[in-house]
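The structure appears right after this line, and notes come after that.
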Amino acid sequence: VQLQASGGGLVQPGGFLRLSCAASESVFSISVMGWYRQAPGKRREFVASMTSGGSTNYADSVKGRFTISRDIAKDTVALQMNNLQREDTAVYYCNAIGFDRLSYWGQGTQVTVSS
């Protein structure tokens with residue numbers, strides 16, 4: 001599975017961004033798709049995920065602000081990020097886990113929240 005992430009950028013606190021991850025296979029053929037992030041000097045951390053059945057999971061730090069969704073026709077998974085805060089600044093990575101439990105990563109996309 002190849003993943004292509006896009007949509008990062010610079011935004012002011014309180015602003016919003018939408019990240020997109022395009023998969024080379026149908027999202028239905030992938031067990032779980034999700035987003036992780038890594039801030040400078042920190043370990044990569046889980047942000048949000050969605051199963052092929054549509055179940056979602058979020059890190060506590062983003063609940064109520066971020067929404068993960070999928071576009072079945074385009075085989076993409078999106079992360080809508082609202083009310084962004086400085087602590088959301090990080091490189092965001094798209095991840096896919098196949099039904100064979102193999103894990104795939106896309107290239108990161110930088111999100112910077114700054115005034």
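The values are calculated or read from the model by the stated rules, or taken from the named source; none is laboratory data. Predicted model only: the values in this text are computed from it and were never measured. Quick reminder, even Gly has a Cβ in these numbers, built from the backbone with ideal geometry, and neighbours come from all protein chains shown. Areas reflect the complete protein model, heavy atoms only, side chains present, ligands, DNA and RNA absent. Shrake-Rupley method; radii C 1.70, N 1.55, O 1.52, S 1.80 Å.
Here are the numbers for the structure shown:
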read-out: Inter-label distance, nm, simple model (7 Å from Cα along the C-beta direction), SER114/PHE99; value: 4.5
read-out: Positive-end residue of VAL111, ILE30, THR56, charge dipole of the chain with Cβ unit charges; value: VAL111
read-out: Amide H partners (placed H, <5 Å) of THR89, local residues excluded; value: VAL113
read-out: Label-point separation, LYS42 to SER26 (7 Å along Cα→Cβ), nm; value: 3.7
read-out: Gyration tensor (Cα) of region 1-60, equivalent ellipsoid semi-axes in angstrom; value: 23, 14, 12
read-out: Potential extension, GLU87-LYS74 segment - 0.36 nm per residue separation minus Cα distance; value: 1.6 nm
read-out: Accessible surface, per residue, of the chain when the full set of protein chains is kept, probe 1.4 Å, Å²; value: 53
read-out: Rotationally averaged projected area of the chain (alpha carbon convex hull; nm²); value: 6.5
read-out: Region 31-93 and region 8-30: distance between their alpha carbon centers, rounded to Å; value: 8
